[in-house]
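Colleague: This is the structure I have questions about; it appears just below.
The values are calculated or read from the model by the stated rules, or taken from the named source; none is laboratory data. Because the structure is a prediction, the values reported are computed rather than measured. Glycine gets a Cβ as well: all are built from the backbone with ideal geometry, and neighbour counts include every protein chain shown.
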Amino acid sequence: MDLVIRTEKAVIDGEVRAAAVAVADGVIRGIGLIGDFSGQESIRLPPSTVLLPGFVDTHVHINEPGTDWEGFATATAAAAAAGITTLVDMPLDSDPVTTTVDALERKRQAAHGKCAVDVAFWGGVVPDNLDMLADLAASGVRGFKCFLADSGNPNFPHLTAEEFRRAAARVAAMDAVLLVHAESHHVIEASPPPRGRSYASFLSSRPDASEEDAVTLVIDTARHTGARVHIVHVSSARVLPMLAEAKRSGVRITGETCPHYLTFAAENILDGATQFAACPPIRDADNRDLLWQGIADGTLDMIVSDHSPCAPSMKADGDFGRVFGGISSLEVGPRAVWTRATKRGFGLAQLCRWMAETPAALAGLDDRGRIAVGQRADFCVFDPDVEQTVGTLRHRHAVTPYDGAALRGSVAQTWVAGRLVYDRVGQPA
């Protein structure tokens, strides 16, 4: 063995218990009682900490190459500080967008030598590349992402209903997964556009009906094509009964929500506070409670960041009519969820399922997301009871709605494939 980690508390098989975890060649080779594997080089974790599997975030916009919004070095440093050991990068808002094999290779070249944690990639689906999806799959993307509403990027146009059905059939034939930004283009087009400093104006511009209409199309399409589909960033609780019924009827569908939808509420967002603008939007507190219920009962499968940063100038003037709709949150996501989860009676095993195990399964990363023999030795050493105020973050740009928030939990160490990448004093190892 290269290393044995001894801990009084580890999340293993859905329970918190004492354990010794033995690692060799970056893989977990044995799990025993805390005193097992004697004679091996070992470290003993402080009793206040818990050994968790490394978190997996499958919804991250790194935006490199081609922009100064975020980069692989800063994004993966922020991830390591959050206990996140794997990111899956979205195909939007880099230049070029990841809709061709050439663009994918340029992404990989941009990432080479810069990453503190593991990074994988989604491929994009746009009207003009439906015949290229098999080539992208063969080149190693983990699945595909499309929009049913204007993405905000003219290089990444949304799919019409007919184009979406064709894309889903292609993805089904490959037995891949199709991630869907499920807001309806025509509902948004018919809604009043946001204007000025009013958050209420921004909220009404992307109503619940937009998500309901789009999710209806996704469910019907998945039912008729057999495609495996995944709804990204569910914001409206009105779609939860639809998702639950689709699952019961055998549709291959999963869904995610995000820390900001589980943390904030529309009635508390001040006019001009454009750092809270996201697409789809943060809705009211009653809706937030229903999203938590959807997570608790399994209607929603996972929680991921949708870390979607931009240049600070695109958030700075307080005008919701011109703001970029995206929230920067990668470094704080697990702590933000844990802060709210503990108040609702959830434990660390559930946090690990929502933010490690199920996201890893979505991306087909079967070698991570759990502490088990044969899994990659990705760990987050977490102190669950420390409270910290959000200050300077490692994202490239500082604008975030979490600025100054008091969050529970602290990451002491992060390990990727048995290698320490983040230490307990908050600096890269």
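Colleague: List every residue pair whose Cβ atoms sit under 6 Å apart, with the two residues 6 or more apart in sequence or on different chains, where the first one lies in the stretch 44-64 and is among the small types (Gly, Ala, Ser) and the second, anywhere, is surrounded by 24 or more Cβ atoms within 10 Å (Cβ to Cβ).
Modeller: Gly54/Thr85; Gly54/Asp378; Gly54/Phe379; Gly54/Cys380
Colleague: So for the stretch 413-428 (the condition being under 17 Å from Val119 (Cβ atoms) and at pLDDT below 95), does at least one residue qualify? Spell out how you get there, then give the answer.
Modeller: Initial filter on the stretch 413-428 (under 17 Å from Val119 (Cβ atoms)): 414-417, 419, 421-422, 428.
In the following step, the residues that additionally are at pLDDT below 95 were identified as 428.
Among the residues of the stretch 413-428, at least one is under 17 Å from Val119 (Cβ atoms) and at pLDDT below 95, which makes the answer yes.
Colleague: Look at Leu178 and say whether it is in contact with a strand residue (DSSP E or B) (Cβ under 8 Å, 6 or more places away or on another chain) and assigned to a helix (DSSP H, G or I).
Modeller: It is false that Leu178 is in contact with a strand residue (DSSP E or B) (Cβ under 8 Å, 6 or more places away or on another chain) and assigned to a helix (DSSP H, G or I).
Colleague: Specify which of the listed residues (Asp385, Asp306, Asp297, Asp317) is crowded, with 16+ Cβ neighbours inside 10 Å, farther than 30 Å from Met1 by Cα and not basic (Lys, Arg).
Modeller: On the way: Asp385 fails: crowded, with 16+ Cβ neighbours inside 10 Å; Asp297 fails: crowded, with 16+ Cβ neighbours inside 10 Å; Asp317 fails: crowded, with 16+ Cβ neighbours inside 10 Å.
Just a single option satisfies the conditions, and that option is Asp306.
Colleague: Also, quick follow-up: Report yes if some residue within the stretch 137-150 is crowded, with 16+ Cβ neighbours inside 10 Å, within 16 Å of the chain's Cα centre (by Cα) and aromatic (Phe, Trp, Tyr); otherwise report no.
Modeller: Yes: one or more hits.
Colleague: Kindly check whether there is at least one residue in the stretch 142-164 that is touching a strand residue (DSSP E or B) at 6+ places or on another chain (Cβ under 9 Å), assigned by TED's automatic domain parsing to the domain that holds Glu70, of a type in the set (D, E, K, R) and more than 30 Å from Asp378 (Cα to Cα).
Modeller: Yes, the stretch 142-164 contains at least one residue that is touching a strand residue (DSSP E or B) at 6+ places or on another chain (Cβ under 9 Å), assigned by TED's automatic domain parsing to the domain that holds Glu70, of a type in the set (D, E, K, R) and more than 30 Å from Asp378 (Cα to Cα).
Colleague: Filter the strands (runs of 3 or more DSSP E) completely within the stretch 1-116 down to those with at least 2 residues that are closer than 28 Å to Asp128 by Cβ.
Modeller: Numbers: elements: 3-12, 15-24, 27-32, 42-44, 50-53, 55-60, 84-89.
In the stretch 1-116, 55-60, 84-89 are the strands (runs of 3 or more DSSP E) which contain 2 or more residues that are closer than 28 Å to Asp128 by Cβ.
Colleague: Being in contact (Cβ under 8 Å) with a residue 60 or more places away in the chain and on the phi < 0 side of the Ramachandran plot is the filter here, so list the residues in the stretch 182-199 that pass it.
Modeller: Let us first name the residues in the stretch 182-199 that are in contact (Cβ under 8 Å) with a residue 60 or more places away in the chain, namely 183, 193-199.
Matches in the stretch 182-199: Glu183, Pro193, Pro194, Arg195, Arg197, Ser198, Tyr199.
Colleague: Does any residue of the stretch 128-147 turn out to be more than 16 Å from Thr98 (Cβ to Cβ), of a type outside the set (Ser, Thr, Tyr) and touching a Leu at 6+ places or on another chain (Cβ under 9 Å)?
Modeller: No, because not a single residue in the stretch 128-147 is more than 16 Å from Thr98 (Cβ to Cβ), of a type outside the set (Ser, Thr, Tyr) and touching a Leu at 6+ places or on another chain (Cβ under 9 Å).
Colleague: Going through Thr86, Thr100 one at a time, which residue ends up being surrounded by fewer than 24 Cβ atoms within 10 Å (Cβ to Cβ), assigned by TED's automatic domain parsing to the domain that holds Asn153 and hydroxyl-bearing (Ser, Thr, Tyr)?
Modeller: Thr100
Colleague: If you don't mind, there's one more thing I want to ask. Name every residue in the stretch 155-198 that is hydroxyl-bearing (Ser, Thr, Tyr) and buried (at least 23 other Cβ atoms within 10 Å of the Cβ), in order of residue number.
Modeller: Within the stretch 155-198, just Ser184 meets the criteria.
Colleague: Let me ask another. Do we find a residue being among the aromatic types (Phe, Trp, Tyr) and either closer than 29 Å to Asp150 by Cβ or surrounded by 23 or more Cβ atoms within 10 Å (Cβ to Cβ) (or both) anywhere in the stretch 320-338?
Modeller: Within the stretch 320-338, one or more residues are among the aromatic types (Phe, Trp, Tyr) and either closer than 29 Å to Asp150 by Cβ or surrounded by 23 or more Cβ atoms within 10 Å (Cβ to Cβ) (or both).
Colleague: Follow-up question, since we're still on this one. On the basis of being outside any helix (DSSP H, G or I) and over 19 Å from Leu179 (Cβ atoms), does Cys310 make the cut?
Modeller: yes
Colleague: Checking the conditions here, which among Thr58, Thr49, Thr67 is polar (S, T, N, Q), buried (at least 16 other Cβ atoms within 10 Å of the Cβ) and farther than 30 Å from Ser151 by Cβ? Before you say what the answer is, go through the steps one by one.
Modeller: Details: Thr58 fails: farther than 30 Å from Ser151 by Cβ; Thr67 fails: farther than 30 Å from Ser151 by Cβ.
Matching residue, one of Thr58, Thr49, Thr67: Thr49.
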